[in-house]
């Protein structure tokens with residue numbers, strides 16, 4: 001049976017736009033679009049062997065530090081988030097290399113992996129990055145930044161992370177679920193187990209309960225996948241090869257992986273279907 005679909009994208013987007021106020025986040029073009037999904041999106045990938053410094057478990061790496069992190073004071077409602085990236089002398093980093101259509105990718109994830117946000121903040125003239133975010137509840141959150149320092153792309157990726165607390169009573173919840181999950185509209189399945197090593201492959205299949213789906217583009221690619229090792233919280237980002245394949249099981253994407261350590265990982269798979277961005281968490285074992 002086909003999974004239930006939301007109302008028409010145009011109608012929902014119109015309601016969202018009409019309902020915005022000064023106290024709410026501005027509409028995010030990465031979440032809802034008024035036009036059909038883009039065609040011919042490139043299969044984003046980084047050169048194999050590209051240098052990546054940091055895994056998000058530390059706030060300093062490659063001579064750069066994530067500082068002055070501010071989360072919203074209250075959960076359950078939109079608030080301001082801000083931070084800076086500084087060098088060893090405390091000077092804000094101002095030059096970045098565009099990657100997947102953005103200068104910097106920001107992730108806010110509760111440490112028990114029950115709440116995940118992928119944001120694209122704006123860099124101010126004073127070197128401060130700012131974004132609006134509504135977090136689901138109180139708790140200990142990790143703020144992670146993924147970027148390439150400019151002006152030379154050969155500098156490689158840098159991933160920094162810092163823990164911050166949103167006040168309020170909360171209790172950590174152990175992540176549940178396996179390699180197949182759905183959000184009521186799309187279903188995502190990931191290979192299980194996966195192989196550790198510098199040149200691995202991971203396949204993810206997306207369907208709507210009846211069969212393959214047509215994937216629109218998101219951040220210049222057909223999918224965006226980030227993951228976290230359950231034990232250490234180490235961040236991983238995998239990259240799709242080429243275009244999707246239509247199979248009997250659904251629409252299949254192949255990713256290049258470089259898992260340094262075995263263990264259980266939770267992946268947040270982001271795909272656009274019928275103009276809407278879906279974020280579906282799945283869990284798999286790397287051996």
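Once you order the gyration tensor axes a ≥ b ≥ c over the Cα atoms, which shape class does the stretch 144-274 get: rounded for a/c under 1.5, otherwise prolate or oblate by comparing a/b with b/c?
Working: a/c = 1.59, a/b = 1.21, b/c = 1.32.
It comes out oblate by the Cα gyration axes.
Using the alpha-carbon centroid of each, what span in Å lies between the stretch 230-256 and the stretch 145-168?
Computed from Cα coordinates, the inter-centre distance equals 22 Å.
Could you tell me whether the stretch 175-252 comes out rounded, prolate or oblate from its Cα gyration tensor? Rule is a ≥ b ≥ c as square roots of the eigenvalues, rounded for a/c under 1.5, then prolate if a/b exceeds b/c, otherwise oblate. Intermediate values should be presented prior to the final figure.
Working: a/c = 1.72, a/b = 1.36, b/c = 1.27.
Prolate shape, in that a/c is at least 1.5 and a/b is the bigger ratio.
I need the shape label for the stretch 52-166. Rule: rounded when a/c is under 1.5, else prolate if a/b > b/c, else oblate, with a, b, c from the alpha carbon gyration tensor. Mind showing how you got there, number by number?
On the way: a/c = 1.79, a/b = 1.64, b/c = 1.10.
Prolate, since a/c reaches 1.5 and a/b exceeds b/c.
Could you list 180, 204 so that the one with the fewest beta carbons within 10 Å of its beta carbon is first and the one with the most is last? Could you put the intermediate results ahead of the total?
On the way: 180 14, 204 26.
Final ranking by Cβ density, sparse to dense: 180, 204.
Please report 252, 231 as a ranked list, fewest other C-beta atoms within 10 angstrom at the top and most at the bottom. It would help to have the intermediate numbers written out before the result.
Details: 252 16, 231 10.
Neighbour counts put them in this order, fewest first: 231, 252.
What is the order of 129, 170, fewest Cβ neighbours within 10 Å to most? Intermediate results must be reported in sequence, preceding the final value.
Details: 129 25, 170 16.
So the residues, fewest neighbours to most, are 170, 129.
Where a number appears in this text, it was derived from the coordinates with a stated rule and is not lab data. Treat the numbers as computed from the prediction; the structure is a model and nothing was measured. Here Cβ is always computed from backbone atoms with ideal geometry, including for glycine, and neighbour counts include all displayed protein chains.
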